[in-house]
Structures are given as C-alpha cells and as structure tokens.
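See structure below.
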Amino acid sequence: MMFELNRFGGGEFRAEAGRILHLALPILIAQVAQVGVGVVDTVMAGHVSADDLAAVALGSNVFITVYVTFLGVMSALQPILAQLYGAGKTDAIGSTARQGVWFGLMLGVLGMVLLWLLAWPLQHYLNLGDYVERTFGDFVFWIALGMPAAMLHRALYAYAASLNRPKPIMVVSLLALLLNIPLNYVFVYGKLGLPEMGGAGCGLASALCFWFNATVLGLYVMRHRFFAQFGLFSRFEWPQWGAQKSIVKLGVPMGLSFFLEVSSFTFIGLLIARFGVTQVAAQQVVINISSLLYMLPQSVGTALAVCVGQQVGKGDWQRARYVSGVGLSIGIAGAMITGLLLLLFRHFWVGLYTQDAAVISMGAGLLLFAAVFQLSDAVQTTASYSLRGYKLAKVPMLIHAFSFWGLGLGLGSLLGLYWGMEIYGFWLSLVVSLTGAAVALVWYLNSQSRRFAAQQGKFNERPA
C-alpha cells in the first residue's frame with residue numbers, strides 16, 4: 001500500500017492521526033482567525049458599496065500575493081526548527097530562532113516597500129474609476145505598514161509550532177480577530193470623531209492587528225517558562241549571514257511555491273478587472289470563502305510538516321513516511337466534508353458577504369468549481385507540506401510552476417480572455433491545475449519517502 005499505511009494496525013493509525021490533529025486544531029483556529037481578518041474587511045467594505053468592495057478586493061489581491069509569498073519564505077524555519085527539536089538540539093533551537101526573528105524583520109520591511117512600489121502602477125492599470133483606484137491605493141498603503149509585524153509574527157509562529165506549542169498562536173490570533181471588528185467599524189465608517197475612510201480603513205485596521213499579533217505572541221514566548229529552556233530571548237545576537245543564507249536557501253523555493261499557488265488565484269482578480277465590478281466582487285467573495293475552507297488542509301499540512309520534520313530529526317525515515325500517509329488521509333477526509341458544504345449551501349455563503357443579487361448569482365456559480373477542486377487542493381497541500389518536513393522544496397516548486405502558471409493562469413487566460421468564458425474559464429483552469437499538482441506531488445512524495453525509508457532499512461541491516 002502507498003506510504004505503507006498497512007504497516008501498523010488501526011490503533012496506531014488512530015494514534016498518529018490524533019497526534020497530527022492535536023497539533024493541527026489550534027493551528028486551524030489560529031489560521032481561520034487570521035483569514036477572518038480579511039473576511040471582516042470584505043464584509044465591512046461590501047456593506048459600504050460595491051465600489052469599496054472592489055477596491056478592497058483588488059488591494060487584498062496585491063497584499064495577499066506578497067504576504068503569502070513571504071510567508072512561504074518564512075516557512076523554512078518550521079522544518080529547520082522541527083528537525084532540531086526532533087534531534088534534541090536544545091541550544092541550537094534558540095540561536096536559530098533568533099536568526100529567524102531577524103530574518104522576519106528584514107523580510108517584512110522589504111515587503112512593505114515592495115507593496116508601496118506596486119500600488120502606483122496598478123492604480124493606473126485598473127481603469128475602474130477614480131474612487132475605486134484611489135481607495136485601492138490607500139488600502140495598499142495602510143496595510144503595507146503591517147508587513148514587518150506580519151513576518152515577525154511568522155517567525156514566532158514557526159518557533160512555537162515546531163516545539164509543539166500552537167495554543168498561544170491560536171489565542172493571540174483570536175484576540176486579533178476580535179480587535180479587528182471594532183477597528184474596522186471605527187475607521188471604515190468614521191466613528192469616535194475620526195474621518196470616514198471607507199474601504200481604505202480596512203487596510204489600517206488590518207495593519208494594527210498584525211502589530212498586535214506580533215507583540216502579544218512575542219511577550220508570551222518571552223515570559224512563558226516552557227520556552228525559557230531554548231533561550232530565544234536569553235541574549236542579544238546580531239544577524240549571522242551564514243544562518244541567514246541557510247534560511248534563504250530553503251525558504252526561496254518554498255516562497256516561490258507559495259507565490260505560484262496564491263498568484264493563480266489573486267492574478268485572476270487583476271485579469272478580470274476589465275470585465276467590471278460585479279465579476280471582481282464575486283471573485284473576492286468566493287476567494288474569501290475558499291480561503292477559509294483552505295485553512296483545513298493547510299493546518300493539517302502545517303502540523304504534518306512539524307511531525308514529519310521531527311521524525312526526520314530523529315533519523316526515523318520509515319516513521320516519517322508513515323506519518324505522511326496518515327496526514328494525506330486526514331486531508332482527503334476533510335476535503336470531502338468541505339466540498340459537500342459548498343455544494344449544499346453555496347447561495348447562503350455568498351449572501352453573508354453582500355446583498356447584491358448579481359454578485360450572489362455569479363458567486364454561487366463559482367463555488368461549484370471550488371467544491372470540485374476541494375479534494376485535489378487538499379491532496380496537493382498536505383503532500384507539499386510533508387515534503388517541506390523533509391526539506392524538499394525545489395522539485396515541488398517546479399511542479400507548482402507548471403501546474404499553477406502553465407495549467408492555471410496560462411489555460412485560464414486562453415479560456416477566459418480569448419475564448420469568451422471570462423471568469424468561468426479561469427476557474428475551470430484552477431480545477432485542472434490543482435488536479436495536476438496533486439497527482440505530481442503525491443507521486444514525488446511517495447517516491448522520495450520510499451527512497452529514504454529504504455536507505456534506513458539497509459543501514460539497519462548492516463552487521464554491527
């Protein structure tokens with residue numbers, strides 16, 4: 001059987017699944033809360049006007065593309081720290097995490113500047129009217145201020161999760177989501193004597209929530225006695241370029257994989273801008289719903305990368321392969337549930353975001369495509385995260401490049417822009433691209449994990 005899932009009995013499968021889910025559940029709640037910040041932005045903007053919703057949608061597409069790409073680079077810390085933890089190298093964990101914090105700060109400043117540089121030319125590309133273009137630019141300006149905090153938070157996130165302590169991440173993320181609601185209300189609608197900012201106020205509220213996340217999680221890690229043994233804040237240390245280079249070497253292919261995947265969704269929002277506000281708004285609503293559901297396989301994948309990385313750190317390659325198979329099974333089961341929920345309640349989900357009948361009708365149609373690709377998206381996500389636990393990033397990046405840009409954006413542009421299918425052509429191509437990525441990544445994970453496990457078996461068979 002693939003991944004040797006028949007190697008152990010049902011009791012061991014349930015036990016391993018329980019370990020993954022125990023780590024994944026707080027991560028899931030934290031990630032839903034983080035995405036929920038974007039959902040609040042969309043709902044608040046949607047209740048101001050369709051123009052504000054379109055501006056926030058386009059601004060979110062630009063921000064999310066940069067944010068998720070850089071988040072992917074930061075995710076290199078997770079397998080690095082997990083393998084050190086599995087190997088019992090306590091002192092190295094604190095030193096590596098300190099370098100990760102520096103790396104996150106520098107990457108966040110770079111992301112902030114990059115967003116500001118992107119905003120001006122994109123304003124002139126949109127051609128959706130002065131109000132939408134101005135609100136789009138203001139939204140990007142304000143939310144960019146949160147990028148340094150977002151990357152600092154991601155360094156602390158990787159540190160806590162790799163040490164099997166995801167609950168503080170969950171609690172802080174929930175508090176940030178609760179904070180985002182009144183902040184949006186105040187800035188968007190101009191309360192407490194402040195000027196009414198419309199959709200642009202969503203960007204300022206989100207930036208403040210990113211800083212809240214980083215500050216509170218940092219204080220928790222600094223003061224909790226469990227983390228004291230690893231010494232993250234025990235001394236000051238300047239960036240060490242050798243350590244920074246190691247993070248870059250692993251992180252850049254991971255970041256490119258994240259970019260290729262997220263851009264296959266966000267670039268659609270920019271490419272369909274020529275078709276009008278209704279298609280842009282429907283795209284944003286469905287992307288928000290899909291992003292929330294994507295948190296399930298992503299949280300399982302994040303936990304899986306930690307569990308696989310810890311087994312690799314222990315040198316137990318056979319167990320790492322088995323854990324990968326268990327994680328894939330969990331992802332498939334979850335996808336079947338989310339796909340069914342989308343099919344049965346698609347008009348209801350879209351109606352939570354807007355009362356515009358045209359947007360609801362189009363959004364419900366797009367959710368049919370989202371329901372279809374739930375399975376392939378879950379499979380490719382858990383497989384790619386498992387590969388990151390092995391520190392395998394280059395081949396998955398190439399698979400994502402062909403799938404998401406070749407089959408996704410390439411085929412989508414052909415169907416949507418030249419064959420007259422408009423937004424539906426792009427979403428059909430997403431189904432094709434995610435299916436291709438799932439097949440290729442599972443094949444690669446199976447072959448590589450089997451090779452590593454076989455090498456361990458040969459080593460164990462050698463005479464002492």
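The values are calculated or read from the model by the stated rules, or taken from the named source; none is laboratory data. Note that this is a predicted model, so its numbers are computed, not measured. Neighbour counts run over all protein chains shown; Cβ positions are idealised from the backbone, glycine included.
Data for the structure
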{"item": "Residue count, the stretch 339-355 (criterion: out of contact with any His (no Cβ under 9 Å at 6 or more places or on another chain) and surrounded by fewer than 21 Cβ atoms within 10 Å (Cβ to Cβ))", "result": "10"}
{"item": "Matching option when the condition is under 19 Å from the mean Cα position of the chain (by Cα), among the aromatic types (Phe, Trp, Tyr) and under 23 Å from Gly100 (Cα atoms), among Tyr157, Tyr220", "result": "Tyr157"}
{"item": "Residue identified as closer than 17 Å to Val37 by Cα, in contact with a Leu (Cβ under 7 Å, 6 or more places away or on another chain) and either of a type in the set (Gly, Ala, Ser) or not in a helix (DSSP H, G or I) (or both) among Ala303, Ala207, Ala282", "result": "Ala207"}
{"item": "Options Arg274, Arg235; residue that is of a type in the set (D, E, K, R), outside any loop (DSSP other than H, G, I, E, B) and surrounded by fewer than 17 Cβ atoms within 10 Å (Cβ to Cβ)", "result": "Arg274"}
{"item": "Residue check for Gln355: over 17 Å from Ile287 (Cβ atoms) and either outside any helix (DSSP H, G or I) or hydroxyl-bearing (Ser, Thr, Tyr) (or both)", "result": "yes"}
{"item": "Some residue of the stretch 320-340 being more than 22 Å from the chain's Cα centre (by Cα), assigned to a helix (DSSP H, G or I) and among the polar types (S, T, N, Q)", "result": "no"}
{"item": "Cβ-Cβ under 9 Å pairs, at least 6 apart or on other chains, the stretch 405-427 side within 14 Å of Met362 (Cβ to Cβ), far side among the aromatic types (Phe, Trp, Tyr) and surrounded by fewer than 19 Cβ atoms within 10 Å (Cβ to Cβ)", "result": "Gly416/Phe275; Gly416/Tyr424; Glu422/Phe275; Ile423/Phe275; Gly425/Tyr418; Gly425/Trp419"}
{"item": "Candidate set: the stretch 206-225, residues that are aliphatic (A, V, I, L, M) and modelled with pLDDT of 90 or more; chosen: the one farthest from Asp52 (Cα to Cα)", "result": "Leu219"}
{"item": "From the options Gly251, Gly313, residue that is over 28 Å from Gln374 (Cα atoms) and either of a type in the set (Gly, Ala, Ser) or not in a helix (DSSP H, G or I) (or both)", "result": "Gly313"}
{"item": "Test: Ser263 is surrounded by 15 or more Cβ atoms within 10 Å (Cβ to Cβ) and in contact with a Ser or Thr (Cβ under 7 Å, 6 or more places away or on another chain)", "result": "yes"}
{"item": "Pairs with Cβ under 8 Å, 6+ apart, first in the stretch 271-296 and touching a residue at least 40 places away in the same chain (Cβ under 8 Å), second of a type in the set (D, E, K, R)", "result": "Ile272/Glu422; Phe275/Glu422; Val277/Asp51; Thr278/Asp356; Gln279/Glu422; Ala281/Asp356; Tyr294/Asp377"}
{"item": "Selected residue (criterion: farthest from the chain's Cα centre (by Cα)) from residues of the stretch 358-391 that are part of a loop (DSSP other than H, G, I, E, B) and buried (at least 20 other Cβ atoms within 10 Å of the Cβ)", "result": "Tyr390"}
{"item": "Lone unmet requirement of (1) free of Cβ contacts under 8 Å to residues at least 40 places away in the same chain; (2) buried (at least 21 other Cβ atoms within 10 Å of the Cβ) for Gly9", "result": "(2)"}
{"item": "Sole exception among (1) buried (at least 22 other Cβ atoms within 10 Å of the Cβ); (2) closer than 19 Å to Gln284 by Cβ; (3) among the charged types (D, E, K, R) for Glu422, by number", "result": "(1)"}
{"item": "Helices (runs of 4 or more DSSP H) fully within the stretch 1-105 counting 3 or more residues that are polar (S, T, N, Q) and touching a helix residue (DSSP H, G or I) at 6+ places or on another chain (Cβ under 9 Å)", "result": "10-46, 50-74"}
{"item": "Only listed residue being β-branched (Val, Ile, Thr) and within 23 Å of Ile80 (Cα to Cα), chosen from Val186, Val172, Val248, Val216", "result": "Val248"}
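Residues checked against (1) under 22 Å from Ala303 (Cα atoms); (2) surrounded by fewer than 24 Cβ atoms within 10 Å (Cβ to Cβ):
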{"residue": "Val62", "(1), (2)": "no, yes"}
{"residue": "Val68", "(1), (2)": "yes, yes"}
{"residue": "Pro79", "(1), (2)": "yes, no"}
{"residue": "Gly86", "(1), (2)": "yes, yes"}
{"residue": "Gly94", "(1), (2)": "yes, yes"}
{"residue": "Trp102", "(1), (2)": "no, yes"}
{"residue": "Leu105", "(1), (2)": "no, yes"}
{"residue": "Val113", "(1), (2)": "no, yes"}
{"residue": "Leu118", "(1), (2)": "no, yes"}
